[in-house]
Amino acid sequence: MDLRRLSIPKPCSLSIAVSRPLTHVTSTAQQQQELHNRNQQQQPPPPQSSNQSLLKWVSSVLSKQSLDPSKCKLFLPNLSPQEFDTLFFSIRSNVNPKTALKFFYFASQSCNFRFTVRSYCLLIRLLLFSNLLSPARLLLIRLIDGKMPVLYASNPSIRHIEIASQMVDLNVTSEPALGVQIADLLVHVYCTQFKNLGFGYAIDVFSIFSSKGIFPSLKTCNFLLNSLVKANEVQKGIEVFETMCRGVSPDVFLFSTAINAFCKRGRIEDAIGLFTKMEELGIAPNVVTYNNIIHGLCRNGRLYEAFHLKEKMVLREVEPSLITYSILINGLIKLEKFDDANFVLKEMSVRGFVPNYVVYNTLIDGYCKKGNISEALKIRDDMVSKGMSPNSVTFNSLIHGFCKSGQMDNAENALEEMLSRGLSINQGAYTSVIKWLCINSRFNSALHFTKEMLLRNLRPGDGLLTLLVSGLCKNGKQAEATELCFRLFEKGFTVNTVTSNALIHGMCEAGNLKEAGKLLMEMLQRGLILDKVTYNTLILGCCKDGKPEEGFKLKEDMIKRGIQPDNYTYNLLLHGLCSLGKMEEAIELWEECKRTVFGPDIYTYGVMIDGFCKADKIEEGETLFNEMISKKMELNPVVYNTLIRAYCKIGNTTAAFRLSNDMKSRGILPTSVTYSSLIHGLCNIGLIEDAKCLFDEMRKEGLLPNVACYTALIGGYCKLGQMDEAESVLQEMASINIHPNKITYTIMIGGYCKLGDMKEAAKLLNVMAEKGISPDSITYNVFMDGHCKGGNVEEAFKVCDRMLSEGLSLDEITYTTLIDGWQSSTITNQDNH
């Protein structure tokens, strides 16, 4: 668009090219015409001679200085709204506006008389003509608001069009000079009192008046255009400006607002063209005009032109303002030109400007986004030295900077300070800190800040909620996670399926299956949609709780809901059955799985092979293994390890090594689990030296023997009663920083107990306590058995008391050990007597 080529007739007509015509002109034109035609058809005829007496009566009542309600009650029942409208129009020049106003309120409120829209419009015009602006404005507001009984000629939903059309029609026949004043009033009322309806109503009114050549005053045009731009109705503002220029001569304020609209819309060339045109018209741009253009150039990255325009304004003796410098600094910071920004900062200080919050926060935010938190803090300190306390914007930027530079403790402290000072915190600041706290397992602090978010009606993102809920559950804080979800519900926020699945999974993992069920029912009532993950999570909980039958009920329910079980569903249920040794039921489910579209996968085979091995049916397990090979399924170490461990357990190391060699031949590298099983198998049959050779083989394969391997070797020595060798292995573990676990110590204690060396066994028990390893029932039973076999039943009972004091349950082995020990002690005492 080249505005410089436009001719400028007077008053002013700027042919500004817009991308589309003023939408509300086209949208209301037809409605306006229809209303006009309807009004013409419904327009009552002039009063006949038979109504002359009524005309005089109405005239005498409304022309008086005060209203006589008794006379009103006499003639109102004899008048229809249309008849009164005709009479009122014909006597308008003799009416006392104040008396007419009182009459309208009396008739509508006391007699429920419905005046026509034209009657109200005529009264408003009379009030304005008499400079009674406040009563006219209030009456118009009530008319628009629907708080007056009105006889509409059309749908009340478009009453604003009917009111404007009637006002325009009256302007032709009644006080034409009032047209501008009426347009001002209507536009202003719609832009202020009814802006909640949107500015479309004000634009409709403006369009109806302008289409008839009636334009609001320049002041009202400025107000309307400024209102549209402030409300970000930029495109409509541009269209309205084009229409305005057909009837009013723009001043510097109207031009400046229009330039701002073009800049906001990204039409910088049109803005520059308009700027040039106003100069050609002899309208001197002011600092606001220059700032709008400079801002538009900076937002488009055209810094060179922005600075050139700034120099031009200085030459034209227009002093740059603080806003000018703020805009330039912001533009430079966005392009990461920090040195230039600091130069501008010095220039503005030389010119006597003190940086405000906007300038300081712009610099701080820029440095924070770049990750230069040290420079940001220097600016913050300079800001404080000038007596300006950091505000919400400052802190939010600093938190972002701390997070970006990894200074999360400082970010957390800054967030805490914002809370203590009651400052507004944006969602991004909360999210960054809470996410970091979750990643670093600081869930109490994360929960604290999340609750603060909810107090401020900020909803954490779904990903953050899932991370927090999952973390709380993994750290045994299922109650806190549940409370958080219910707090969300109380605030009217929803919890998505992924988050609820994380919570249900956490509760099932903790064995709170009953609570998980209650929670699920609560969430279903709140609109939660169950998915496959939800069902599989609950099935997992049931199977872990030893209740696969409940899992099967869930499987049937998911099918009823149209959710088909997948491999994972079958694997969970098979694992639950196999863990309980229910292999017949497992085989039935296996056959069902084979009939599905997807069929068993490698994990399904793995579960079944493991189940057969645990049920001492290794042959069936190997049959399935061979079936996998025939199907050319991709084998993994887990399947091999399951069979190797089973063969080692029954002492068939030959079969175990055969499988080990087979996996190597297939390019599947043995794992630490493979070697620990083989070591354990060799040690079980006394081949300790062969087991030690496997340690060297592991190291050659790049595997470091783990605690399980060393424990297996120690177990071999303990079986042989070679406790010195076992101690030597224990020392070797310590030298390479491999820490013995509960099983290691229990095996060692058992070794000493078998030799009757209860003193060394007791020492190891104390070492466990010192290292924070709590003995379990198995450890104590082994130690108790040692005392009983040594004839020291009294000490065995003391161990029993210790178990109870530590909250451990006495199992069948405990009782059997004590009874056998007591019986042996009794027999020994009888023999001695």
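The values are calculated or read from the model by the stated rules, or taken from the named source; none is laboratory data. Just so it is clear, the structure is predicted and the values come from calculations on it, not from any experiment. For neighbour counting, all protein chains shown are included, and Cβ atoms are generated from backbone atoms with ideal geometry for every residue, glycine included.
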Problem set entry | region 265-296, residues that are over 19 Å from Arg316 (Cα atoms) and not in a helix (DSSP H, G or I) | Arg265, Gly266, Arg267
For this session: Looking only at region 307-341, count how many residues are hydrophobic (A, V, I, L, M, F, W, C) and farther than 22 Å from Gly352 by Cβ.
Result: 3
Problem set entry | Residues that are among the hydroxyl-bearing types (Ser, Thr, Tyr) and within 35 Å of the chain's Cα centre (by Cα), drawn from region 286-338 | Ser326
Exercise. Which condition breaks for Phe104 when tested against (1) over 26 Å from Ser60 (Cα atoms); (2) modelled with pLDDT of 90 or more?
Worked result: (1)
Exercise. So which residues in region 497-546 are among the charged types (D, E, K, R) and part of a helix (DSSP H, G or I), if there are any at all?
Worked result: Glu509, Lys514, Glu515, Lys518, Glu522, Lys532, Lys544
Problem set entry | Those residues of region 516-557 which are within 21 Å of Trp590 (Cα to Cα), among the basic types (Lys, Arg) and out of contact with any Asp or Glu (no Cβ under 8 Å at 6 or more places or on another chain), in sequence order | Lys547, Lys553, Lys555
Exercise. Restricting to region 664-703, what's the tally of residues that are surrounded by fewer than 21 Cβ atoms within 10 Å (Cβ to Cβ), small (Gly, Ala, Ser) and either under 53 Å from the mean Cα position of the chain (by Cα) or farther than 24 Å from Cys718 by Cα (or both)?
Worked result: 4
Exercise. Can you name the condition, by its number, that Val318 falls short on among (1) surrounded by 15 or more Cβ atoms within 10 Å (Cβ to Cβ); (2) aliphatic (A, V, I, L, M); (3) assigned to a helix (DSSP H, G or I)?
Worked result: (3)
Seminar exercise, completed: For Arg459, the lone unmet condition from (1) out of contact with any Phe, Trp or Tyr (no Cβ under 7 Å at 6 or more places or on another chain); (2) not in a helix (DSSP H, G or I) is (1)
For this session: For Ile650, state whether it is surrounded by 15 or more Cβ atoms within 10 Å (Cβ to Cβ) and either closer than 16 Å to Gly681 by Cβ or free of Cβ contacts under 8 Å to residues at least 40 places away in the same chain (or both).
Result: no
For this session: Say whether the condition of being part of a helix (DSSP H, G or I) and without any contact (Cβ under 8 Å) to a residue 24 or more places away in the chain is met by at least one residue in region 151-159.
Result: yes
Exercise. Taking Phe241 and the conditions (1) under 24 Å from Ile158 (Cβ atoms); (2) in contact with a Leu (Cβ under 9 Å, 6 or more places away or on another chain), which numbered condition does it fall short on, given that it satisfies the others?
Worked result: (1)
Exercise. Within region 388-411, can one find any residue that is out of contact with any helix residue (DSSP H, G or I) (no Cβ under 7 Å at 6 or more places or on another chain), among the aliphatic types (A, V, I, L, M) and more than 30 Å from Ile529 (Cβ to Cβ)?
Worked result: no
Problem set entry | Any chance Val189 is touching a residue at least 40 places away in the same chain (Cβ under 8 Å), touching a Gly at 6+ places or on another chain (Cβ under 9 Å), assigned to a helix (DSSP H, G or I) and more than 14 Å from Thr257 (Cβ to Cβ) | no
For this session: Could you tell me whether any residue of region 420-427 is more than 20 Å from Asn457 (Cβ to Cβ) and among the basic types (Lys, Arg)?
Result: no
Exercise. Got at least one residue in region 288-311 being touching a residue at least 24 places away in the same chain (Cβ under 8 Å), in contact with a Leu (Cβ under 9 Å, 6 or more places away or on another chain) and surrounded by fewer than 17 Cβ atoms within 10 Å (Cβ to Cβ)?
Worked result: yes
For this session: Could you please let me know if Phe255 is at pLDDT 85 or above and either surrounded by 24 or more Cβ atoms within 10 Å (Cβ to Cβ) or more than 44 Å from the chain's Cα centre (by Cα) (or both)?
Result: yes
Exercise. Using beta carbons and a limit of 8 Å, which pairs, at least six apart or on different chains, have the first residue in region 518-540 and within 26 Å of Leu574 (Cα to Cα) and the second one β-branched (Val, Ile, Thr) and outside any helix (DSSP H, G or I)?
Worked result: Leu530/Ile563; Asp531/Ile563; Lys532/Ile563; Tyr535/Ile563
For this session: Kindly check whether there is at least one residue in region 544-560 that is buried (at least 18 other Cβ atoms within 10 Å of the Cβ) and under 26 Å from Glu634 (Cβ atoms).
Result: no
Exercise. Just checking, which of Asn626, Asn641 is in contact with a helix residue (DSSP H, G or I) (Cβ under 8 Å, 6 or more places away or on another chain) and either assigned to a helix (DSSP H, G or I) or of a type outside the set (S, T, N, Q) (or both)?
Worked result: Asn641
Problem set entry | Tally of residues being in contact with an Asp or Glu (Cβ under 6 Å, 6 or more places away or on another chain) and modelled with pLDDT of 80 or more across region 778-833 | 1
Seminar exercise, completed: A careful count of residues in region 131-147 that are assigned to a loop (DSSP other than H, G, I, E, B) and either surrounded by 14 or more Cβ atoms within 10 Å (Cβ to Cβ) or at pLDDT 90 or above (or both) gives 2
Problem set entry | One residue from Asp184, Asp204 being at pLDDT 90 or above, over 18 Å from Val117 (Cβ atoms) and within 45 Å of the chain's Cα centre (by Cα) | Asp184
Exercise. If we scan region 560-567, do we find a residue that is without any contact (Cβ under 8 Å) to a residue 24 or more places away in the chain and part of a helix (DSSP H, G or I)?
Worked result: yes
Exercise. Hey, among Phe215, Phe241, Phe262, which residue is in a helix (DSSP H, G or I), in contact with a helix residue (DSSP H, G or I) (Cβ under 9 Å, 6 or more places away or on another chain) and free of Cβ contacts under 8 Å to residues at least 60 places away in the same chain?
Worked result: Phe262
Problem set entry | Any chance Ala306 is farther than 20 Å from Gln235 by Cα, assigned to a helix (DSSP H, G or I) and not aromatic (Phe, Trp, Tyr) | yes
Problem set entry | All positions within region 601-623 that are assigned to a helix (DSSP H, G or I) and within 47 Å of the chain's Cα centre (by Cα) | Ile602, Tyr603, Thr604, Tyr605, Gly606, Val607, Met608, Ile609, Asp610, Gly611
Problem set entry | Filter pass, Asn413 being polar (S, T, N, Q) and either more than 30 Å from Pro355 (Cβ to Cβ) or at pLDDT below 90 (or both) | no
For this session: Looking for whichever is within 23 Å of Met313 (Cα to Cα), free of Cβ contacts under 8 Å to residues at least 12 places away in the same chain and of a type in the set (Ser, Thr, Tyr) here; the options are Ser349, Ser374. Which one fits?
Result: Ser349
For this session: Name the residue, out of Phe84, Phe75, Phe106, that is touching a residue at least 12 places away in the same chain (Cβ under 8 Å), within 58 Å of the chain's Cα centre (by Cα) and part of a helix (DSSP H, G or I).
Result: Phe106
